[in-house]
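K.L.:
One structure, pasted below without further comment.
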Amino acid sequence: MKNLKNWDNKTWLSSDRYIKKFCAFVETKKKLKRDTKILDIGCGRANIISKLAEKHNFTAKPTGIDVVKHQDVKHNIRFIKTSALKFLKRANKFDLIIVKQTIHLINKKDQFLLLKLCKNSLNKKGKLLIFSLKTKNNQLPVFKLFKQKLTISLKKDERIFKNIKKSLKKIKISNFNFKVNIKKNYYIKMIKKRFISCLLNMTQREIDIGVDEIKRNYKNQIKFTDSLICITFTK
Ligand SMILES: C[S@@+](CC[C@H](N)C(=O)[O-])C[C@H]1O[C@@H](n2cnc3c(N)ncnc32)[C@H](O)[C@@H]1O
């Protein structure tokens, strides 16, 4: 699959409001102290761990890893351009590991190993938080082909959840909800930049047809709730 480069490139997912709300959610799952060690797997531009670092001034900078290094990745964290498995095989221990909207991009065989390595890389009472799009009643605005691809992807996610449950056993499930209110043109720009993996392999013509559908079918102001499932594992 092609690399995902525009997921958090000036989208609601990188907005200050979203990042603050997301960080507050994380802090309901894990109490953060100055000496908390954090790893974000598939961190993108590292907006989340950067915001946590701003607030807590950790003694060790949070670590963010990603297979893509963006020019505008945040500087107040330790960024490593590498893949999750490669990193975890040699990693030190962490108190909090975040895997947000990334596990579905890792192949099935490697997902089991990823979970095992994450478990091994947690300190005692450490938390692993895995976030993924809510699979039922997902409200993401879509066009026909986008919907087909998203449905397939969400079915795959359901199978991933089952495997996570099998693999981690004692987990808790909760939801992170964020109310999005954006201009249609802004969302169209996100689609054109292929902000989500379902759009990555579409042809330019398929994207153009999809954009026309969005123009026809949605109001100028698009409102919906972006919902994620959060799987919490405590060591
Ligand atoms: C959908 S984005 C999510 C970014 C960020 N976690 C967020 O939620 O804003 C998925 C990220 O995972 C990264 N990624 C994909 N496969 C990876 C792997 N095997 N190891 C590390 N990062 C990976 C992608 O490059 C991308 O930045």
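K.L.:
Which of the residues that make up region 29-43 are touching a residue at least 12 places away in the same chain (Cβ under 8 Å) and away from the ligand (no atom under 16 Å from the Cβ)?
P.N.:
Lys30, Leu32, Lys33, Arg34, Asp35, Thr36, Lys37
K.L.:
In addition: Assess whether Cys23 counts as being within 15 Å of the ligand (Cβ to nearest atom), touching a Leu at 6+ places or on another chain (Cβ under 8 Å) and modelled with pLDDT of 95 or more.
P.N.:
Yes; evaluated as a whole, the condition is true for this residue.
K.L.:
Only one of His70, His75, His56 is more than 19 Å from Lys21 (Cα to Cα) and in contact with a Lys or Arg (Cβ under 9 Å, 6 or more places away or on another chain); which?
P.N.:
Unique residue meeting the criteria: His70.
K.L.:
Can you tell me which of Ile152, Ile130 is among the hydrophobic types (A, V, I, L, M, F, W, C) and touching a helix residue (DSSP H, G or I) at 6+ places or on another chain (Cβ under 7 Å)?
P.N.:
Exactly one residue qualifies, and that residue is Ile130.
So that you can scan it fast, the table gives a plain yes or no per residue for (1) without any contact (Cβ under 8 Å) to a residue 12 or more places away in the chain; (2) within 16 Å of the chain's Cα centre (by Cα); (3) within 19 Å of Lys127 (Cβ to Cβ); (4) more than 8 Å from the ligand (Cβ to nearest atom):
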residue	(1), (2), (3), (4)
Val73	no, yes, no, yes
Ile80	no, no, no, yes
Ser83	no, yes, no, no
Phe87	no, no, yes, no
Arg90	yes, no, no, yes
Asp95	no, no, yes, yes
Gln101	no, yes, yes, no
Lys109	yes, no, no, yes
Phe112	no, no, no, yes
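K.L.:
I need the full set of residues from region 57-70 which are under 22 Å from Gly126 (Cα atoms), surrounded by 14 or more Cβ atoms within 10 Å (Cβ to Cβ) and in contact (Cβ under 8 Å) with a residue 24 or more places away in the chain, in order please.
P.N.:
Residues satisfying the conditions are Phe58, Ala60, Pro62, Thr63, Gly64, Ile65, Asp66.
K.L.:
Got at least one residue in region 89-107 being charged (D, E, K, R), in contact with a helix residue (DSSP H, G or I) (Cβ under 6 Å, 6 or more places away or on another chain) and under 27 Å from Asn177 (Cβ atoms)?
P.N.:
No, every residue in region 89-107 fails to be charged (D, E, K, R), in contact with a helix residue (DSSP H, G or I) (Cβ under 6 Å, 6 or more places away or on another chain) and under 27 Å from Asn177 (Cβ atoms).
K.L.:
Sticking with this one: Could you say which residue among Leu105, Leu122, Leu150 is within 16 Å of the ligand (Cβ to nearest atom) and modelled with pLDDT of 95 or more?
P.N.:
Of the residues listed, the single one that is within 16 Å of the ligand (Cβ to nearest atom) and modelled with pLDDT of 95 or more is Leu150.
K.L.:
Quick one: in region 71-113, of everything that is part of a loop (DSSP other than H, G, I, E, B) and in contact with a Ser or Thr (Cβ under 7 Å, 6 or more places away or on another chain), which residue is surrounded by the most Cβ atoms within 10 Å (Cβ to Cβ)?
P.N.:
Out of the qualifying residues, it is Ile77.
K.L.:
Can you pull out every residue in region 186-223 that is part of a loop (DSSP other than H, G, I, E, B) and surrounded by fewer than 13 Cβ atoms within 10 Å (Cβ to Cβ)?
P.N.:
Within region 186-223, Asn201, Thr203, Lys219, Asn220 qualify.
K.L.:
Sort out which residues of region 45-54 are near the ligand (Cβ under 8 Å from one of its atoms) and either in contact with a His (Cβ under 7 Å, 6 or more places away or on another chain) or among the basic types (Lys, Arg) (or both), and write them in order of number.
P.N.:
Arg45
The values are calculated or read from the model by the stated rules, or taken from the named source; none is laboratory data. The model shown is predicted, which means the values in this text are computed figures rather than measured ones. In this analysis, Cβ positions are derived from the backbone assuming ideal geometry, glycine residues included, and neighbour counts consider all displayed protein chains.
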